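*Asks:* Please find one structure pasted underneath; my questions will follow.
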Ligand SMILES: NC(=O)c1ccc[n+]([C@@H]2O[C@H](COP(=O)([O-])OP(=O)(O)OC[C@H]3O[C@@H](n4cnc5c(N)ncnc54)[C@H](O)[C@@H]3O)[C@@H](O)[C@H]2O)c1
């Protein structure tokens, strides 16, 4: 996966900017100011200007940003114009929910193959997605040129599945299991933990009256 030379915090805000710009574009708006953008995406305008400055001259002061070119620029930066096929490993409770979830904020991400060991679902098509036997994982992922996977298997089999994903050439893993998985340096792992998120939220709620701090 390519290294980005922009700060991670900026990279995390790009989808937010992109979605709002797409919304403005779809509703026929041509210009947007950093203040308007700030109100809509709840990021202060100084941060927005700093974020945009990493990409060079994107707008003129006092004139606003051109919605279409900014949207296209961020779209390209985010690879929104390329369809990313994602593999889902483990179609249990969480896996099913993710199959149902169509990544609806993005037209360009879709789960195109799922893998499991459960004979009741292997060989079936669930929510439009074929469920393959876990034994076919390496072969199918290679054949379908998939380089991103979501891991929703029981923790005991997490690492062995990661090893297979690495063997298949996967470069990014969204890890829902509670295990800290080991991967080579060129494979990026994003750990997702709802308990952590909830604890963070509860912490902010109990420590700050002004909950705008919790959004950073
Ligand atoms: N990060 C979070 O916030 C969060 C929330 C809920 C669950 N989880 C974790 O997500 C994982 C899945 O949870 P769940 O409730 O969906 O579990 P589940 O038992 O309902 O589903 C697990 C699925 O993995 C399949 N599986 C088992 N061994 C496999 C293998 N070797 N290869 C491929 N598939 C295999 C099972 O057949 C099953 O369909 C667990 O590790 C759980 O701890 C994380």
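The values are calculated or read from the model by the stated rules, or taken from the named source; none is laboratory data. Everything numeric here is computed off the predicted structure, so don't read it as measured data. Cβ atoms come from the backbone with ideal geometry, glycine included; neighbour counts cover every protein chain shown.
*Asks:* Would you confirm whether or not region 72-91 contains a residue that is surrounded by fewer than 14 Cβ atoms within 10 Å (Cβ to Cβ), touching a helix residue (DSSP H, G or I) at 6+ places or on another chain (Cβ under 8 Å) and part of a helix (DSSP H, G or I)?
*Replies:* no
*Asks:* Could you please let me know if residue 155 is within 11 Å of the ligand (Cβ to nearest atom), crowded, with 16+ Cβ neighbours inside 10 Å and under 17 Å from residue 190 (Cα atoms)?
*Replies:* no
*Asks:* Something else now. Could you check region 122-145 and list, in sequence order, the residues that are modelled with pLDDT of 95 or more and under 29 Å from residue 14 (Cα atoms)?
*Replies:* Result: 141, single match.
*Asks:* Within region 127-148, track down each residue that is in contact with a helix residue (DSSP H, G or I) (Cβ under 6 Å, 6 or more places away or on another chain) and away from the ligand (no atom under 11 Å from the Cβ). Full working, then the answer.
*Replies:* Going through region 127-148, the residues in contact with a helix residue (DSSP H, G or I) (Cβ under 6 Å, 6 or more places away or on another chain) turn out to be 127, 129, 132, 137-138, 141-142.
Answer for region 127-148, where residues must be in contact with a helix residue (DSSP H, G or I) (Cβ under 6 Å, 6 or more places away or on another chain) and away from the ligand (no atom under 11 Å from the Cβ): 127, 129, 138, 141, 142.
*Asks:* Give me a count of the residues in region 89-138 that are on the phi > 0 side of the Ramachandran plot and touching a residue at least 24 places away in the same chain (Cβ under 8 Å).
*Replies:* 2
*Asks:* Here's another thing I want to ask about it. Across region 158-175, which residue is surrounded by the fewest Cβ atoms within 10 Å (Cβ to Cβ) among those that are near the ligand (Cβ under 10 Å from one of its atoms) and farther than 20 Å from residue 101 by Cα?
*Replies:* That would be 160.
*Asks:* Sticking with this one: Mind counting the residues in region 92-121 that are within 14 Å of the ligand (Cβ to nearest atom), assigned to a loop (DSSP other than H, G, I, E, B) and either modelled with pLDDT under 95 or touching a helix residue (DSSP H, G or I) at 6+ places or on another chain (Cβ under 8 Å) (or both)?
*Replies:* Within region 92-121, residues that are within 14 Å of the ligand (Cβ to nearest atom), assigned to a loop (DSSP other than H, G, I, E, B) and either modelled with pLDDT under 95 or touching a helix residue (DSSP H, G or I) at 6+ places or on another chain (Cβ under 8 Å) (or both) number 2.
*Asks:* Let me ask another. Test residue 207 against the criterion of being exposed (fewer than 12 other Cβ atoms within 10 Å of the Cβ), out of contact with any strand residue (DSSP E or B) (no Cβ under 6 Å at 6 or more places or on another chain) and under 24 Å from residue 101 (Cβ atoms), and give yes or no.
*Replies:* Working: exposed (fewer than 12 other Cβ atoms within 10 Å of the Cβ): yes; out of contact with any strand residue (DSSP E or B) (no Cβ under 6 Å at 6 or more places or on another chain): yes; under 24 Å from residue 101 (Cβ atoms): no.
Judged against the criteria, residue 207 is not a match.
*Asks:* So, residue 179, is that one near the ligand (Cβ under 8 Å from one of its atoms) and touching a residue at least 40 places away in the same chain (Cβ under 8 Å) or not?
*Replies:* no
*Asks:* Inside region 54-79, can you point out the residues that are under 19 Å from residue 8 (Cβ atoms) and modelled with pLDDT under 85?
*Replies:* 54, 55, 77, 78, 79
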